[in-house]
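Below: the structure, in structure tokens.
The values are calculated or read from the model by the stated rules, or taken from the named source; none is laboratory data. As the structure is a computational prediction, the values presented were derived from the model and not from experiment. Cβ placement follows ideal geometry from the backbone for every residue including glycine, while neighbour counts extend to all protein chains displayed.
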Amino acid sequence: MVPSAGERELVLALADDELCVGQNHAWWIAIGPFLEEDLAFTSIAQDELGHARSLYSLLTDDVDELAYGRRDNEYRSAHIAELLCHDWSWALVRHVLHDIAEQIRWSALVGSSWEELSHLAERVLGEEQFHLQHGSSLLNRLLADELGQQRLTPAILELAPMGREYFVSSDDQLAENGIMTMPLAVQEQLWIDQTGELFEQYDININFGSEAPFAGRSGIRSADFAELHEEMTAVLRIDPQARW
């Protein structure tokens with residue numbers, strides 16, 4: 001299948017989100033707060049990077065060039081995916097917000113008229129379910145504790161509204177054309193409802209705002225992207241012949 005410009009942008013945005021979150025998760029390897037999280041984040045990082053690679057391969061035979069060789073303004077990742085989150089509270093909150101979104105986004109691609117994308121979504125959903133179970137289980141345990149709430153609430157209030165960008169696209173015909181089985185607006189509302197319900201039980205009320213941000217999808221990078229890109233392209237700068 002030769003994707004349209006809008007279909008290509010959809011897959012590229014999803015792939016870039018996975019690439020950035022996978023790279024950010026990988027930063028925690030060997031420095032997580034305890035061994036279980038070292039192992040979990042290692043596994044999840046590998047999964048997310050693998051998802052990114054599979055998505056890029058739907059668009060090109062030169063996955064490395066597409067993943068690492070573009071100019072900054074050619075990336076389409078949401079800003080929340082690019083944030084370094086080198087504080088554990090922020091990393092955990094972003095992990096959960098991301099994977100709630102992933103569960104919804106990938107589900108909406110099962111049954112896609114783009115058969116390769118549909119098959120990929122079916123495979124990925126099982127892994128994403130594990131990611132969400134891991135993150136939400138730990139988050140709930142920590143939020144049940146007063147100190148945990150104090151540490152996590154600032155991250156929740158700041159990051160949650162940013163998550164709406166996961167559901168931004170320049171093409172509003174994707175569902176009508178069968179590429180997705182659910183319009184992005186419906187996906188976004190599901191994410192808001194599920195996220196709000198998760199935190200309301202702890203009396204954390206989020207102001208999601210009236211409009212989703214568009215900056216990352218339009219090619220404007222976050223303040224953290226340059227450092228993240230330096231990390232993810234380090235091996236290629238050392239060995240230009242290296243392959244993913």
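If you go through region 134-173 one residue at a time, how many are closer than 15 Å to Tyr202 by Cβ, surrounded by 14 or more Cβ atoms within 10 Å (Cβ to Cβ) and either under 18 Å from the mean Cα position of the chain (by Cα) or among the aliphatic types (A, V, I, L, M) (or both)?
Qualifying residue count, region 134-173: 10.
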From Arg217, Arg237, which residue is surrounded by 14 or more Cβ atoms within 10 Å (Cβ to Cβ), in contact with a helix residue (DSSP H, G or I) (Cβ under 9 Å, 6 or more places away or on another chain) and of a type in the set (D, E, K, R)? Arg217
Given (1) in contact (Cβ under 8 Å) with a residue 12 or more places away in the chain; (2) over 25 Å from Arg76 (Cβ atoms); (3) out of contact with any Phe, Trp or Tyr (no Cβ under 6 Å at 6 or more places or on another chain), number of the condition Leu143 does not satisfy: (3)
So how many residues does region 16-36 have that are assigned to a helix (DSSP H, G or I) and either surrounded by 21 or more Cβ atoms within 10 Å (Cβ to Cβ) or in contact (Cβ under 8 Å) with a residue 60 or more places away in the chain (or both)? 10
Among the residues of region 116-133, which ones are in contact with a Phe, Trp or Tyr (Cβ under 6 Å, 6 or more places away or on another chain) and surrounded by fewer than 18 Cβ atoms within 10 Å (Cβ to Cβ)? Leu125
When you look at His79, is it modelled with pLDDT of 95 or more and out of contact with any Gly (no Cβ under 7 Å at 6 or more places or on another chain), yes or no? no
Helices (runs of 4 or more DSSP H) within region 158-244 that include 1 or more residues touching a Leu at 6+ places or on another chain (Cβ under 8 Å) and not small (Gly, Ala, Ser): 184-200, 225-232
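Return the residues of region 57-102 that are charged (D, E, K, R) and either surrounded by 21 or more Cβ atoms within 10 Å (Cβ to Cβ) or without any contact (Cβ under 8 Å) to a residue 60 or more places away in the chain (or both); say none if nothing qualifies.
Within region 57-102, Asp61, Asp62, Glu65, Arg70, Arg71, Arg76, Glu82, Arg94, Asp99, Glu102 meet the criteria.
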From the set of residues in region 103-115 that are crowded, with 20+ Cβ neighbours inside 10 Å and touching a residue at least 60 places away in the same chain (Cβ under 8 Å), which is farthest from Leu174 (Cα to Cα)? Ile104
Free of Cβ contacts under 8 Å to residues at least 40 places away in the same chain and among the polar types (S, T, N, Q): does that describe Gln173? no
Hey, could you check region 38-81 for residues that are in a helix (DSSP H, G or I) and among the aromatic types (Phe, Trp, Tyr) and say which is nearest to Ser4 (Cα to Cα)? Tyr56
Select, from Ala13, Ala101, the only residue that is within 19 Å of Met232 (Cα to Cα) and either in contact with a helix residue (DSSP H, G or I) (Cβ under 9 Å, 6 or more places away or on another chain) or assigned to a helix (DSSP H, G or I) (or both). Ala13
